[in-house]
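A.B. asks: A single structure is presented below for examination.
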Amino acid sequence: METLEFQAEARQLLQLMVHSIYSNKDIFLRELISNASDALDKLRLAKLQDGLEADTSDLHIEIEVDAEKRTLTIRDNGIGMTREEVVDLIGTIAKSGTADLLAKLKEAKESPELIGQFGVGFYSTFMVADTVTLVTHKAGTEGHGTRWESAGEGTFTIDDAEGAPVGTTVTLQLRPKDEDDALYDYADVWKIKEIVKRYSDFIAFPIRMAAAVSPDASSEASSEASSEASSDAGAETPEMETLNSMKALWARPRSEVTDEEYHQFYRHISHDWTDPLEIINMKAEGTFEYEALLFIPARAPFDLFQREARRGLQLYVKRVFIMDDSKELIPDYLRFVKGVVDAADLSLNISREILQQDRHIQMIRRRLTKKVLSTIKDLMTSDPEKYATFWREFGRAVKEGLLSEPDNHQPILGIASFLTTTGTEPTTLAAYVERMKEGQEEIYFLTGESRSQVENSPHMEAFREQGYEVLILTDPVDEIWVDAVPEFDGKKLRSIARGSVDLKKDEPEPEPEGDFGPLLGFLKEKLDEQVKEVRLSHRLTTSAACLVSDANDVTPALEKMYRAMGQ
Ligand code: ADP
Ligand code: MG
């Protein structure tokens, strides 16, 4: 037997778990079932794709409660783990953004919503258990399995486990029951049943409950046994009961699924504790069939702008899980969308490489994109408050689409909102166009680092004076997309910091030679290195001078950005 130390970050996370930061402890069971379900998916896939020899005829999850010993056991006959995998996967946190996660978890302490944004996974067992034991045997490996045990403090032990069957068994030694708090009695069959039903009903494998050891609990369990259990009678324990319905949520008509069911499923795939903002169902029949169930979250994940963050949808083929994080199914600028695509006509052997070139996948991606954009568009009128939330949380990401998807410029601009010199709330371009002054033909904007910087810019003076509304663009991405997008609804987008914006058509620009000739000459000579030209302008009302870029030059802010990027 070997005693090893948890990696520092894992230790910190465990600390938070032991001192139970979640107000809802029930979720530990959801996490264990979710891991078991993943392990079953993986075994089925390894058999399908890599030809692994394994018995997959009865993939299932089993729960056992022993009220006397106060133990709770969750067993699966899935892929299992090797000794190295146990040490790597359970002893460390390999996930990206862990440092951020920990910082935010600490900050959040008593706020379950924020904490719920992170999938704390296996470690959540330490909220309810004094000791956790995991025995596992990897499918396709000979010999013994591995036994892992920890009390959630600094160390864990690891040992060989003779005769362990393929799959994984996790046993929790539950904490002593708190007399004041019946809610937390996880050694109660009924409590467990209720939690499974609430959080894990849609899990695609049967979750079976073995009858409890204590006599009264076992008679309860058998009297409740479902028809599936009696058809199971050949199995050695006739009291087995299947707790979940196993229905694939995306295959069921929307009218038959409750919001609560959708929300639980969303939590399962997203690890986001907050209910989603919008649910999208899609079903395509005909030459290429697929079903999709998409969720637009109610808030941005902490790693929305981190390169290495997980993104993409889950891909199923005819109800068989194929892979997580399929980036090919949704464009990067909609990376916050979560969900499942179940395609009927793909090969079960499809790999990530093939996915990238597959025509059907590209078609699904186009359709999903269109559907997400039109759903947001509808929200603008049907539920402006939801729309405002959406744009606040995800607008910055969506605007990236203006760089990558020329075909979707107009739909993306159609769902965009911007601050302007009028009012304090963001406005849509359609509303801006509606308010345009008599004779105004272009949409004016100015980019900068902050609202106040933009509003106090000398470029703004003439526009303010004459009552023109100007878009205030302060996101870094704004600097870039404005160059890629020429117009909205037939109206040119025009930076008021570039070239000469002609506000007073009837008054010609003053003659440079006038009274100011010598002054302009003097300035030009003094600033020779810094500027291209010095000229008189109508655009200022109170400032004496301002810097203007040529129509084709980069803006000062963009110049700064390029410099920061080392270009
Ligand atoms: P996550 O599931 O988000 O990856 P967890 O902390 O829940 O994080 O689990 C960590 C890893 O441990 C999993 O990714 C998986 O590789 C492994 N693991 C956990 N439970 C099981 C299990 N029952 N069978 C096989 N592997 C498991
Ligand atoms: Mg997990």
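A.B. asks: Going through LEU43, LEU72 one at a time, which residue ends up being more than 12 Å from ligand 1 (Cβ to nearest atom), at pLDDT 95 or above and surrounded by 22 or more Cβ atoms within 10 Å (Cβ to Cβ)? Walk me through how you get there before you give the answer.
C.D. replies: On the way: LEU43 fails: more than 12 Å from ligand 1 (Cβ to nearest atom).
Checking each option against the conditions leaves just LEU72.
A.B. asks: Among the residues in the stretch 24-32, are any within 13 Å of ligand 1 (Cβ to nearest atom), surrounded by 19 or more Cβ atoms within 10 Å (Cβ to Cβ), of a type in the set (D, E, K, R) and farther than 21 Å from LYS193 by Cα? Full working, then the answer.
C.D. replies: Within the stretch 24-32, the subset within 13 Å of ligand 1 (Cβ to nearest atom) is 27-32.
Those still in the list that are surrounded by 19 or more Cβ atoms within 10 Å (Cβ to Cβ) too: 27-32.
From what is left, the residues that are of a type in the set (D, E, K, R) are 30-31.
Now restrict to residues that are farther than 21 Å from LYS193 by Cα: none.
There is no residue in the stretch 24-32 that is within 13 Å of ligand 1 (Cβ to nearest atom), surrounded by 19 or more Cβ atoms within 10 Å (Cβ to Cβ), of a type in the set (D, E, K, R) and farther than 21 Å from LYS193 by Cα.
A.B. asks: Scan the stretch 120-128 and tell me whether some residue there is in a helix (DSSP H, G or I), modelled with pLDDT of 90 or more and of a type in the set (S, T, N, Q).
C.D. replies: Within the stretch 120-128, one or more residues are in a helix (DSSP H, G or I), modelled with pLDDT of 90 or more and of a type in the set (S, T, N, Q).
A.B. asks: Something else: Would you confirm whether any residue within the stretch 391-413 is surrounded by 16 or more Cβ atoms within 10 Å (Cβ to Cβ) and over 26 Å from LYS492 (Cβ atoms)?
C.D. replies: Yes - at least one qualifying residue is present in the stretch 391-413.
A.B. asks: Give the residues of the stretch 282-293 that are surrounded by fewer than 18 Cβ atoms within 10 Å (Cβ to Cβ) and part of a strand (DSSP E or B), sorted by residue number.
C.D. replies: Scanning the stretch 282-293 gives MET282, LYS283, ALA284.
A.B. asks: Go through the residues of the stretch 361-369 one by one and say whether even a single one is of a type in the set (Ser, Thr, Tyr) and either assigned to a helix (DSSP H, G or I) or farther than 20 Å from LYS318 by Cβ (or both).
C.D. replies: Yes.
A.B. asks: Hey, can you tell me all the residues within the stretch 1-14 that are farther than 28 Å from ARG198 by Cβ and within 16 Å of ligand 1 (Cβ to nearest atom)?
C.D. replies: LEU4, PHE6, GLN7, GLU9, ALA10, ARG11, GLN12
A.B. asks: Scan the stretch 25-64 for residues that are within 16 Å of ligand 2 (Cβ to nearest atom) and of a type in the set (Val, Ile, Thr) and jot them down.
C.D. replies: Across the stretch 25-64, the qualifying residues are ILE27, ILE33, ILE61.
A.B. asks: Any idea which residue in the stretch 1-24 is nearest to the chain's Cα centre (by Cα), counting only those that are within 16 Å of ligand 2 (Cβ to nearest atom) and closer than 22 Å to SER200 by Cα?
C.D. replies: Among residues in the stretch 1-24 that are within 16 Å of ligand 2 (Cβ to nearest atom) and closer than 22 Å to SER200 by Cα, the one nearest to the chain's Cα centre (by Cα) is TYR22.
A.B. asks: Which ranges mark the helices (runs of 4 or more DSSP H) fully within the stretch 392-497 that have 2 or more residues being touching a helix residue (DSSP H, G or I) at 6+ places or on another chain (Cβ under 7 Å)?
C.D. replies: 401-404, 409-414, 476-484
A.B. asks: I'd like to check something: does the stretch 535-552 contain any residue that is basic (Lys, Arg), closer than 16 Å to PRO458 by Cα, modelled with pLDDT under 75 and surrounded by 11 or more Cβ atoms within 10 Å (Cβ to Cβ)?
C.D. replies: yes
A.B. asks: Mind checking whether some residue in the stretch 241-259 is under 30 Å from TRP391 (Cα atoms), assigned to a strand (DSSP E or B) and in contact with a Leu (Cβ under 7 Å, 6 or more places away or on another chain)?
C.D. replies: no
Results for (1) farther than 30 Å from GLU465 by Cα; (2) out of contact with any strand residue (DSSP E or B) (no Cβ under 7 Å at 6 or more places or on another chain), shown as yes or no for each residue.
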site: ASP324; (1), (2): yes, no
site: ARG335; (1), (2): yes, yes
site: VAL340; (1), (2): yes, no
site: GLU353; (1), (2): yes, yes
site: GLN357; (1), (2): yes, yes
site: GLU393; (1), (2): yes, yes
site: GLU425; (1), (2): no, yes
site: ALA430; (1), (2): no, yes
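A.B. asks: State yes or no: is GLY514 modelled with pLDDT of 85 or more and assigned to a loop (DSSP other than H, G, I, E, B)?
C.D. replies: In short, no.
A.B. asks: Give the number of residues within the stretch 153-190 that are under 16 Å from LEU32 (Cα atoms) and either away from ligand 1 (no atom under 16 Å from the Cβ) or at pLDDT below 95 (or both).
C.D. replies: 4
A.B. asks: Does ALA416 fit the bill of being modelled with pLDDT of 95 or more and within 17 Å of ALA484 (Cα to Cα)? Before you say what the answer is, go through the steps one by one.
C.D. replies: Working: modelled with pLDDT of 95 or more: yes; within 17 Å of ALA484 (Cα to Cα): yes.
Here the answer is yes, as ALA416 does meet what is asked.
A.B. asks: Condition test on GLU438, is it loosely packed, with under 15 Cβ neighbours inside 10 Å and modelled with pLDDT under 95? Break it down stepwise before answering.
C.D. replies: Numbers: loosely packed, with under 15 Cβ neighbours inside 10 Å: yes; modelled with pLDDT under 95: yes.
Taking the combined requirement at face value, the residue satisfies it.
The values are calculated or read from the model by the stated rules, or taken from the named source; none is laboratory data. On a predicted model such as this, the values are computed, not experimentally measured, just so you know. FYI the Cβ positions are ideal-geometry reconstructions off the backbone, even for glycines, and counts take in every protein chain you see.
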